[in-house]
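The structure appears right after this line, and notes come after that.
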Amino acid sequence: MFARLDTPGKQDGDRLMHQDQTEFTFSTKGQGLYEITRDAQAFVAASGIALGQLTAFCRHTSASLVIQENADPDVQRDLLAFFRRLVPECDPLFVHTLEGPDDMPAHVKSALTQTSITIPISNGRLLLGTWQGLYLFEHRVAPHARKIVLHVVGE
Amino acid sequence: MFARLDTPGKQDGDRLMHQDQTEFTFSTKGQGLYEITRDAQAFVAASGIALGQLTAFCRHTSASLVIQENADPDVQRDLLAFFRRLVPECDPLFVHTLEGPDDMPAHVKSALTQTSITIPISNGRLLLGTWQGLYLFEHRVAPHARKIVLHVVGE
Amino acid sequence: MFARLDTPGKQDGDRLMHQDQTEFTFSTKGQGLYEITRDAQAFVAASGIALGQLTAFCRHTSASLVIQENADPDVQRDLLAFFRRLVPECDPLFVHTLEGPDDMPAHVKSALTQTSITIPISNGRLLLGTWQGLYLFEHRVAPHARKIVLHVVGE
């Protein structure tokens, strides 16, 4: 629980905060939620960080990140359906249509969800709740290659 | 890629970045905003960190976090009313209904707000604006015990 | 303000994690998206941090942050139009009206977007995607002076 690093008289072997960063590409098959919890956890394990934080960052404006339930797949289906209705294609409101009818809705959905999410780490594990999974949220209809940066800081 | 910190030559008196983590459980009384600014500030004070950052993380997918005005309680009332209308219960769009009519709306509302929020710290205080408060946003109708992780990094 | 960690016993070649924090005020001209990528990048460069993370934090509840496309200005126009329609002024739902018809919508829009965003840094550069820009999202109609805190951690 309590993890303060004390520093006077520090000796070799004392743990010090460090960081690690990676980028990976996820190939989506079009609109939907793609779980990347395992990728994130594997990176945390490889970093050797026991106590700290992971930040995931999506390098796009037509895909985003979200933490959602990983139990009943209907939750993801309903989430997708809700966002599709909230930000419909071919909305006459939109002027930016040259990249396709799903592009501007994708930007809006990205703004409504997250581009970066930070998750605490304890005992080398992401401190996600029992039903939480980390998802890449693809908003475009066509398949895309999406770049996700993972960054850990801790000790 | 890998950037572990080594410290040969380090001396007493050098300030070093350190971190601290805690989890606490907040018992909600159903849908609403519950301010946790004081809990977060108390944790920052206990950590002894003067300059750094606090990250709050909600370990649930039917409750979330939000920073909102802490002055006029009507703001919280209106925010709640807006989200209730935007993501109504008993929406025929939703297939995931086995956990109750308020469950799927709770997941959507969580996706529309935050699971993690990072706040800078200066002089041992959260650098919130004058009117900003940190809130746990309970989306379920029934009371729930919600786990929040707080993590500080700084010096 | 400036908090670089100096390390008197330090030897060439030792890298240590350190942090730096600043606050700047951005004067908006009313509702709209204002790009602050360059301010953020300049701060990262000044910090000397090559590998790490930047967190931007907006100290307001009627303005927020968002990462969006920085190429076609129509994207920003459409985003603004969408949020204006989603959270209209003079909505009879709202009780909190004493600060003007655009105030409560501003709080809702802030809740629907971000108050804090964390961006990874590599080789001294923000690891934004090709089309990503960091924006201050002003939700009030009148011009406002907005305080943004930038905080970097890294080495």
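The values are calculated or read from the model by the stated rules, or taken from the named source; none is laboratory data. Computed from a predicted model, the values in this text were never measured in an experiment. Cβ coordinates were reconstructed from backbone atoms using ideal geometry, including for glycine residues, and neighbour counts include every protein chain displayed. Side chains are part of the model used for accessible areas, which takes the heavy atoms of the whole protein and leaves out ligands, DNA and RNA. Shrake-Rupley method; radii C 1.70, N 1.55, O 1.52, S 1.80 Å.
Hey, can you tell me all the residues within segment B:32-47 that are open to solvent by 30 Å² or more (accessible area, probe 1.4 Å) and either without any contact (Cβ under 8 Å) to a residue 60 or more places away in the chain or of a type in the set (A, V, I, L, M, F, W, C) (or both)?
The answer is B:38, B:42, B:45, B:46.
State the number of residues belonging to segment C:57-92 that are assigned to a loop (DSSP other than H, G, I, E, B) and either in contact (Cβ under 8 Å) with a residue 12 or more places away in the chain or open to solvent by 40 Å² or more (accessible area, probe 1.4 Å) (or both).
12
Take residue C:81 and tell me if it is modelled with pLDDT of 95 or more and more than 14 Å from the chain's Cα centre (by Cα).
yes
If you scan segment A:93-108, which residues turn out to be outside any helix (DSSP H, G or I) and within 12 Å of chain C (Cβ to nearest Cβ)?
A:93, A:94, A:95, A:96, A:97, A:98, A:99
Name every residue in segment A:127-145 that is more than 10 Å from chain B (Cβ to nearest Cβ) and either surrounded by 23 or more Cβ atoms within 10 Å (Cβ to Cβ) or in contact with a helix residue (DSSP H, G or I) (Cβ under 6 Å, 6 or more places away or on another chain) (or both), in order of residue number.
Those that are more than 10 Å from chain B (Cβ to nearest Cβ) and either surrounded by 23 or more Cβ atoms within 10 Å (Cβ to Cβ) or in contact with a helix residue (DSSP H, G or I) (Cβ under 6 Å, 6 or more places away or on another chain) (or both): A:138, A:139, A:140.
Which residues, counting only those in segment B:24-40, are small (Gly, Ala, Ser) and outside any loop (DSSP other than H, G, I, E, B)?
Selection gives B:27, B:32, B:40.
Only residues that are surrounded by fewer than 16 Cβ atoms within 10 Å (Cβ to Cβ) and in contact (Cβ under 8 Å) with a residue 12 or more places away in the chain: list them for segment A:93-108, please.
A:100, A:101, listed by residue number.
Among (1) open to solvent by 10 Å² or more (accessible area, probe 1.4 Å); (2) more than 8 Å from chain C (Cβ to nearest Cβ), there is one condition residue B:150 misses while meeting the rest; what is its number?
(1)
Name the residue that is nearest to residue A:63 (Cα to Cα), counting only residues in segment C:43-66 that are within 14 Å of chain B (Cβ to nearest Cβ) and of a type in the set (A, V, I, L, M).
C:66
Give me the residue from segment A:1-42 that is at the interface with another protein chain (Cβ under 7 Å from one of its Cβ atoms) and more than 13 Å from residue A:154 (Cα to Cα) and, out of that set, modelled with the lowest pLDDT.
Ranking the candidates gives A:1 first.
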